[in-house]
Amino acid sequence: MGNKATVVGAGNVGATCANVLATKETASEVVLLDIKEGFAEGKILDIFQTATLLDFDTNLLGVTNDYSKTAGSDVVVITSGVPRKPGMTREELIGVNAGIVKTVVENILKYSPDAIIIMISNPMDTMTYLASKISGLPKNKIFGMGGALDSSRFKCYLSKALDANSNEIEGMVIGGHGDTTMIPLVSKATYKGIPVSEFADEATLKKVVADTMVGGATLTSLLGTSAWYAPGAAAAYVVEAILKDQKKVVPSCVALEGEYGQKDICIGIPAVIGKNGVEKILEIKLTEEEKALFAKSADAVRKTNDVLKEINLL
Ligand code: APR
């Protein structure tokens, strides 16, 4: 039996995610959908033209806003949104993206009521909270991708600091998916299973944490727009964990019901990802400092969520 993945939003992140899914043959069928006429069709045609060069054979389809073609998707990745324009307030941006997310989620569920939905659109923690509320889906079936990306950036900076192979580094980032809300867990980071503190001094590790937290902003200033290779690959990584039932531990933005002392919020925590989406939340022991940072992060995410109520979207 084949499986089907849909990616909504054929921009930088969405098209990269579709490209990774296609080239790795993670799904047997990949549908890319965008509202901009011909855009998803163009991106898919371009990806398809690499099939004989890269030797893959995934069924690919690009569509302009035709949700009927997404029917029966097992997994749906939502990247649609607009970037902040000059003069636009944060509330206005949240309002615009929330409106888009609401319409997209409703349309997706009309044709794929059993799909597992992964939110990427920013502000991701708040968009996941909104999507979770309006869809009424159980917490395992709708969650946000931020931790996979932030953790990958954390491991990248750790490997540079330790001059080590990045695949031999383990590390997790929890909390909100924002420059000031994410929490790279240094206490849990290891090199070949050995705490990183045995290989680097405190100042070096502090710098790794600071670099990780501004990881996205660093790229935005270098590129002039937000990054896409790592965000797109991180989304595809989560899709693969679901479709291949990998039961990987991936820090993910999940609706909490008392875990980590929080409820009525979607925020990053370590989760086991398999065929049912979020199959388990791992409640790991945090240091007192990490606990305080997590509570602060949750307060900040909640403040952004409150904007949804102020603009009558919830
Ligand atoms: N339905 C479908 N697609 C839409 C809709 C909609 N209602 N509204 C906008 N889009 C599409 C746009 O046409 C565009 O192609 O979403 C795409 C967004 O792509 P980019 O502007 O290139 O943004 P990208 O860099 O891919 O980031 C997407 O992920 O990481 C987050 O902050 C980022 O929220 C942003 C999202």
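The values are calculated or read from the model by the stated rules, or taken from the named source; none is laboratory data. From a predicted model like this one, the values you see are computed outputs, not experimental measurements. Cβ coordinates were reconstructed from backbone atoms using ideal geometry, including for glycine residues, and neighbour counts include every protein chain displayed.
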Give the residue that is farthest from Ser166 (Cα to Cα), with candidates limited to residues of region 196-224 that are in a helix (DSSP H, G or I) and touching an Asp or Glu at 6+ places or on another chain (Cβ under 8 Å).
Ala217
Exactly one of Leu109, Leu93 is surrounded by fewer than 23 Cβ atoms within 10 Å (Cβ to Cβ), of a type in the set (A, V, I, L, M) and modelled with pLDDT under 95, and that one is Leu93
So which residues in region 113-138 are within 15 Å of the ligand (Cβ to nearest atom) and part of a loop (DSSP other than H, G, I, E, B)?
Ile120, Ser121, Asn122, Pro123
Does Ala5 satisfy the condition of being over 19 Å from Leu149 (Cα atoms), under 22 Å from the mean Cα position of the chain (by Cα) and not in a strand (DSSP E or B)?
no
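Provide a single number: the residues in region 234-250 that are assigned to a helix (DSSP H, G or I) and more than 14 Å from the chain's Cα centre (by Cα).
1
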Would you confirm whether or not region 150-161 contains a residue that is at pLDDT 95 or above, surrounded by 24 or more Cβ atoms within 10 Å (Cβ to Cβ), of a type in the set (Ser, Thr, Tyr) and within 15 Å of the ligand (Cβ to nearest atom)?
no
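Counting just the residues of region 287-314 that are more than 23 Å from Asn122 (Cβ to Cβ) and either in contact with an Asp or Glu (Cβ under 6 Å, 6 or more places away or on another chain) or touching a residue at least 40 places away in the same chain (Cβ under 8 Å) (or both), which one comes out surrounded by the fewest Cβ atoms within 10 Å (Cβ to Cβ)?
In the first step, residues of region 287-314 are kept if they are more than 23 Å from Asn122 (Cβ to Cβ); the result is 287-292.
Still in the running and either in contact with an Asp or Glu (Cβ under 6 Å, 6 or more places away or on another chain) or touching a residue at least 40 places away in the same chain (Cβ under 8 Å) (or both): 287, 290.
Working: Thr287: 12, Glu290: 19.
Ranking the qualifying residues of region 287-314, first place goes to Thr287.
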Selection from region 59-79 of residues near the ligand (Cβ under 9 Å from one of its atoms) and either crowded, with 24+ Cβ neighbours inside 10 Å or hydrophobic (A, V, I, L, M, F, W, C) (or both) yields Ile78, Thr79
Picking from Val63, Val82, which residue would you name as being at pLDDT below 95 and in contact with a Leu (Cβ under 8 Å, 6 or more places away or on another chain)?
Val82
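Take the residues in region 172-195 that are in a loop (DSSP other than H, G, I, E, B) and free of Cβ contacts under 8 Å to residues at least 60 places away in the same chain, then tell me which one is nearest to the ligand (Cβ to nearest atom).
Selected residue: Asp179.
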Find the residue count for region 1-40, including only residues that are more than 16 Å from the ligand (Cβ to nearest atom) and touching a Phe, Trp or Tyr at 6+ places or on another chain (Cβ under 8 Å).
4
